[in-house]
Amino acid sequence: MKNVEYVILSDVATLSVGYPFRNTCIPGDSGVLACFLRDVDLDGSLNVNGLKRVEKVKPNDSHLAVAGDIVFRSRGVSFVSAVVPPLGEDLLVVAPMIRIRVDSTRVLPEYLAWYINGANGAAYFKEFAKGTAMPVISKSVLEKMPIKLPSLQAQRNVIELVDLGRRECEILTQIVKQKNLILETEISKYLESL
């Protein structure tokens, strides 16, 4: 493929480990919005409605994510990343999550998250994860992840195809639900006619 560069993740992004809670996390209404492992869904989306606030924290800028940053689940049975959408405020990334801030002149966050979540990422994480009961990918291992980097326009094209594929799946799911509802209704009518 022409115009493809092979880089490692740290060539196109800076990585920071999330905020380490030394004591118990104190939830609250007036604190900072926080992102925990549970907030990144397996499909690579950030569960914005599930985000909670925590109080009495003093994070560094390196612990805060903004729109366009990526949060990475570095521990568990599946390693997955999600792009932070516009939230209107900073998001506290909590350890063991890792914040990835891309160099937007070289890589789109959506492309990088898709790449990390795809087959290439899965193969890399399978090879380099440490631990068996609770596998972990360290920041240094993530920084060395090889990335196939096409032009920004090619990255946009990939993301457009990915989005179309997701939309198609959503539509097909709706069709199946409607079909099952119609079938259920017809079966009920049939049973009542007996």
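The values are calculated or read from the model by the stated rules, or taken from the named source; none is laboratory data. Just so it is clear, the model here is predicted, and its values are computed rather than measured. Don't worry about glycine lacking a Cβ; one is built from the backbone with ideal geometry, like all the others, and counts go over all protein chains shown. Note: accessible area is taken over every heavy atom of the protein model, side chains too, but ligands, DNA and RNA are not part of it. Shrake-Rupley method; radii C 1.70, N 1.55, O 1.52, S 1.80 Å.
Heavy-atom surface analysis with a 1.4 Å probe gives the range 1-42 a carbon and sulfur content of 53 percent of its accessible area. Reported to the nearest whole Å, the Cα centre-to-centre distance from the range 38-90 to the range 2-31 is 8.
Under 17 Å from a label point set 7 Å out along the Cα-to-Cβ vector of D29, the amide N atoms of the range 49-78 belong to 52-56. Taking only protein heavy atoms and a 1.4 Å probe, the accessible area of the range 70-194 is 59% carbon and sulfur. Cut-off 10 angstrom, C-alpha nodes, Gaussian network model of the chain. Which of A123, A95, A34 fluctuates the most? Between A123, A95, A34, it is A123 that shows the largest mean-square fluctuation. Taken per residue, the accessible surface of the range 49-194 reaches 60 Å², heavy atoms only and a 1.4 Å probe. Pairwise alpha-carbon distances in the chain exceed 22 Å for 54% of all pairs.
Here the range 49-133 is assigned +1 on the Cβ of each Lys and Arg and -1 on the Cβ of each Asp and Glu. Its dipole about the Cα centre then comes out at about 340 debye. Applying 1/(1 + (r/R0)^6) with r as the Cβ-Cβ distance of Y190 and E168 and R0 = 22 angstrom yields a FRET efficiency of 0.10. For the options V94, V176, V158, a Gaussian network treatment of the chain with springs between C-alpha atoms closer than 10 Å singles out V176 as fluctuating the most. Largest mean-square fluctuation among R166, R156, R73, in a Gaussian network model of the chain whose springs join Cα atoms under 10 Å apart, belongs to R166.
When C25, C169, C35 are compared by accessible area of protein heavy atoms, the largest-first order is C169, C25, C35, using a 1.4 Å probe.
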